[in-house]
1. Answer with yes or no whether GLY213 is in contact with a Cys (Cβ under 7 Å, 6 or more places away or on another chain) and of a type outside the set (Phe, Trp, Tyr).
2. Residue pairs, Cβ under 8 Å, 6 or more apart or interchain, first in segment 140-156 and in contact (Cβ under 8 Å) with a residue 12 or more places away in the chain and closer than 19 Å to SER292 by Cβ, second outside any helix (DSSP H, G or I) and basic (Lys, Arg). List them.
3. Of LEU168, LEU130, LEU152, LEU174, which residue is touching a His at 6+ places or on another chain (Cβ under 8 Å) and surrounded by 12 or more Cβ atoms within 10 Å (Cβ to Cβ)?
4. Check ASN111 against each of (1) in contact with a helix residue (DSSP H, G or I) (Cβ under 9 Å, 6 or more places away or on another chain); (2) surrounded by fewer than 15 Cβ atoms within 10 Å (Cβ to Cβ); (3) under 20 Å from ILE230 (Cα atoms); (4) not acidic (Asp, Glu) and name the one condition it does not meet.
5. What pairs come out if I take residues in segment 275-286 that are touching a residue at least 60 places away in the same chain (Cβ under 8 Å) and pair them with residues that are assigned to a helix (DSSP H, G or I) and of a type in the set (Gly, Ala, Ser) whose C-beta lies under 8 Å away, six or more apart or interchain?
6. Looking only at segment 186-210, filter to residues that are among the polar types (S, T, N, Q) and out of contact with any Gly (no Cβ under 9 Å at 6 or more places or on another chain); which one of those is nearest to ARG284 (Cα to Cα)?
7. Within segment 8-64, count every residue that is in a loop (DSSP other than H, G, I, E, B), touching a Leu at 6+ places or on another chain (Cβ under 7 Å) and at pLDDT 50 or above.
Amino acid sequence: MILGFSVNVSLRVPLQKSCRSKTIFSSPLVDLVNTMPLCTLHLLALHNTTPNPISTFLSALKSSPIKPLVVSRVIRWIILPTKISTEHLLARNITWDLLLILPSTDELPTNIAELVQHHWSVTAGVPSRLTNDFAKTNEKLLHPDAGTLPPLSPPSSTKKTTQSSQDLELSADLNAWIDSFVQSGSKVGTGAVSMFNLLAFHPGKKEQYLKYGAAFAESIGSRHGGNAKIVGNVTGVNGKKEREEGEWDEIALAHYPSIAHFRDMLASGDYQEVNHRYRVGSLRDTCILMTSEIAVEEVGEMRARL
């Protein structure tokens with residue numbers, strides 16, 4: 001488990017490495033790539049050309065050579081971006097369907113791409129310690145033993161709400177929506193959620209955010225089951241080979257045992273103290289998109305029964 005939401009990688013000085021009979025020198029950039037393999041995170045809005053576009057897409061994905069780290073159903077925005085990528089992420093009439101995370105920078109195969117109506121992507125260097133054995137680790141997170149889950153607050157408990165969730169607080173609107181979502185009683189409503197985060201820091205504020213990340217891993221997030229299972233430094237957006245000035249700095253995919261656990265975290269006073277002390281002021285822009293890998297599994301189970 002990585003400690004917190006942010007990546008803190010120090011570039012090493014060049015060192016000698018032997019390669020057969022030759023001696024080569026590894027630069028800091030090469031070392032960084034070796035320890036931070038590139039992954040691409042794709043947001044997809046599908047064509048409505050079949051009765052069940054997601055099922056059609058998953059069938060095509062299964063028959064393709066692609067081996068994704070994550071396929072997750074987009075549920076709703078928790079925080080909206082306000083400055084960066086808004087023209088793409090919030091474009092009119094776009095409803096995102098899936099988050100697809102691939103351990104490569106390859107373009108989507110033709111048979112996959114032709115099912116996609118709108119597409120936005122970001123490439124990031126992700127520590128290899130997170131991608132190694134990811135499937136095994138992720139399976140344990142998505143389907144834990146019930147006895148290992150952090151306890152939830154009583155349903156009758158009163159939760160302090162705010163007018164907006166833009167600062168990662170529990171708004172009245174979000175609280176009411178979570179009530180409705182959980183009361184559906186479905187596996188999706190009570191199961192694990194994956195929060196897709198995009199982060200851009202104010203100049204000189206990265207160290208401040210790292211304090212938030214450390215507190216998240218040590219207490220304020222972990223006690224509610226929070227786990228930053230994928231984090232990475234952005235290297236390019238929408239297929240660009242280099243990150244441009246003013247773009248996103250980092251990505252993160254945060255796991256919670258359920259949306260109710262996420263809500264309990266937002267409602268806790270100790271979380272909000274750290275959130276406002278370290279997180280809110282460090283971010284130039286951010287957004288969070290709630291997704292469900294359990295929802296994708298349910299579509300697959302329905303296809304298997306047909």
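1. Taking the combined requirement at face value, the residue does not satisfy it.
2. LEU141/LYS229
3. LEU152 is the lone residue from the list that is touching a His at 6+ places or on another chain (Cβ under 8 Å) and surrounded by 12 or more Cβ atoms within 10 Å (Cβ to Cβ).
4. Evaluating ASN111 over (1) in contact with a helix residue (DSSP H, G or I) (Cβ under 9 Å, 6 or more places away or on another chain); (2) surrounded by fewer than 15 Cβ atoms within 10 Å (Cβ to Cβ); (3) under 20 Å from ILE230 (Cα atoms); (4) not acidic (Asp, Glu) leaves (3) as the failure.
5. So the pair list comes out as TYR278/ALA215.
6. Only one residue fits best here, namely ASN197.
7. 2
Every residue, every condition in (1) over 21 Å from ILE178 (Cα atoms); (2) at pLDDT 95 or above; (3) not basic (Lys, Arg), yes or no:
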position	(1), (2), (3)
ALA228	yes, yes, yes
THR235	yes, yes, yes
ASN238	yes, no, yes
GLU244	yes, no, yes
ASP285	yes, yes, yes
VAL296	no, yes, yes
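The values are calculated or read from the model by the stated rules, or taken from the named source; none is laboratory data. Note that this is a predicted model, so its numbers are computed, not measured. We place every Cβ from the backbone using ideal geometry, glycine too, and count neighbours over all the protein chains shown.
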